[in-house]
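Working notes, beginning with the structure itself.
The values are calculated or read from the model by the stated rules, or taken from the named source; none is laboratory data. No experiment lies behind these values; they were computed from the predicted model shown. Don't worry about glycine lacking a Cβ; one is built from the backbone with ideal geometry, like all the others, and counts go over all protein chains shown. Protein only, heavy atoms only, side chains kept; ligands, DNA and RNA dropped before computing areas. Shrake-Rupley method; radii C 1.70, N 1.55, O 1.52, S 1.80 Å.
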Amino acid sequence: MKPYPLGEFEEIVLLTVGVLYNEAYGVAIKDAIEERAERKVSVGALQSALKRLEKKGYLESRQGEASSQRGGKPKRYYTITAFGKLALQQNRDIRNTLWESIPKLALDFKFS
């Protein structure tokens, strides 16, 4: 299978776009990642990741309607493409294979 590389943050962004489905726009994606992954996300880092994922063909975007709340500026909504789905599946399969390959003793720790 052709490799569809994803960095850790890119994977989190793609997964979050999937979770939000039709409501995946910048602020909603940022808020969902901060809540679910319990990590701070800068707007710049998120915008860079979204642009990279679009350039790779893993995301598509569309403009929503302009709103007075945003000074007439429309939201940009994101959706996962077929290639994005393949990238996520490939990452999941690699992680599952690695997890299944770890000998039980390797992770047999006792916390005191």
Task: Boolean, residue 61 is of a type in the set (Gly, Ala, Ser), closer than 27 Å to residue 3 by Cα and touching a strand residue (DSSP E or B) at 6+ places or on another chain (Cβ under 8 Å) - done: yes
Task: Looking only at the range 30-73, and only at residues there that are assigned to a loop (DSSP other than H, G, I, E, B) and closer than 14 Å to residue 9 by Cα, the one that is most open to solvent (accessible area, probe 1.4 Å) - done: 40
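For residues in the range 9-29 being open to solvent by 50 Å² or more (accessible area, probe 1.4 Å) and of a type in the set (Val, Ile, Thr), which is nearest to residue 95 (Cα to Cα)? If you could, list the steps in order and put the result at the bottom.
Applying the first criterion (open to solvent by 50 Å² or more (accessible area, probe 1.4 Å)) to the range 9-29 yields 15, 19, 21-23, 27.
Going one step further and asking which of them are of a type in the set (Val, Ile, Thr), we end up with 19, 27.
On the way: 19: 20, 27: 29 Å.
The extreme case among them is 19.
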